[in-house]
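So the structure is just underneath, and the comments pick up after that.
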Amino acid sequence: MLIGHSGGMRTFGRQGLSSTRFWRLPGHAGSLTVSIFLLTAANGPSSVAGEQKLWPAGAYTFSDELGGFEITGVSGTGTQADPLVIFEEFQSATPVTLTIRTTRPIRPFDPSNDYANGVMHMRIETLNNSGHPWIEFEFELQEILDRASVFGDGLSFDQRNKSPDNIVSSKFAKFDRGFEPYDRLLFTTGQVDPLTPVSFQFLITDYTPRWTFYLVQDPRIPST
């Protein structure tokens, strides 16, 4: 795979389940079901409570609770040799948000697997079940939901590495990183047809780790 350089977020509720399924993982990649209480500020105190799957891997859990896509499995610890792998399915070609929570004590740069150390080697495996081809795919990091992650907050796609060689996609030949006015990683020069999987590999670094942060995923379709 040739990798080179080139050069707002919406929230959607969960849609109906598709008849197409893939990557159902057993064992430690299974989901942990817990109750998450959603705070609603519109008309007073918190209200809605429901069961939501949190998928544990390494020092983190991953959730599709903000809707628009479905996690079907996770694995890994987050090291270079054993990256965090998120298996997911998109039912539409609209931006969705992956919620990431820390489940172990935070200790930046700790070399063991006992802490959340702010270094996360990631692989995203996504099935395009949207019914549309994708011609680009963008990832955006957010420390606070719906607020851009700026250069100085420490959360980025490995911003200290000026010439990364570990950003790879199975379907896109080029990528471009940006750190202002928001941290984003855009994959270009390729296409993902409907019912076709695509993988993305990259490194997330957080030099001031937070307990919760977000990864916005935005597939782009041809303009009509």
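Quick note: the coordinates plus some simple rules give every number you see, no bench work behind them. Because the structure is predicted, anything quoted here is derived from the model rather than measured. Virtual Cβ from ideal backbone geometry, glycine too; neighbours counted across all protein chains shown.
Observations on the model:
- Residue selected from region 206-224 under the condition under 29 Å from ALA59 (Cβ atoms) and either out of contact with any strand residue (DSSP E or B) (no Cβ under 6 Å at 6 or more places or on another chain) or acidic (Asp, Glu) (or both), by the criterion surrounded by the fewest Cβ atoms within 10 Å (Cβ to Cβ): THR208
- Test result for PHE175, among the aromatic types (Phe, Trp, Tyr) and either within 14 Å of MET120 (Cβ to Cβ) or assigned to a loop (DSSP other than H, G, I, E, B) (or both): no
- Some residue of region 147-156 being out of contact with any strand residue (DSSP E or B) (no Cβ under 8 Å at 6 or more places or on another chain) and of a type in the set (A, V, I, L, M): yes
- TYR182 under 22 Å from THR99 (Cβ atoms), in a loop (DSSP other than H, G, I, E, B) and of a type in the set (Ser, Thr, Tyr): yes
- Flag for LEU185 being closer than 23 Å to THR94 by Cβ and either in contact with a strand residue (DSSP E or B) (Cβ under 7 Å, 6 or more places away or on another chain) or aromatic (Phe, Trp, Tyr) (or both): yes
- Subset of region 111-157 (residues that are aromatic (Phe, Trp, Tyr), buried (at least 22 other Cβ atoms within 10 Å of the Cβ) and not in a strand (DSSP E or B)): PHE157
- Hey, ARG160 under 17 Å from the mean Cα position of the chain (by Cα) and either part of a loop (DSSP other than H, G, I, E, B) or among the charged types (D, E, K, R) (or both) or not: no
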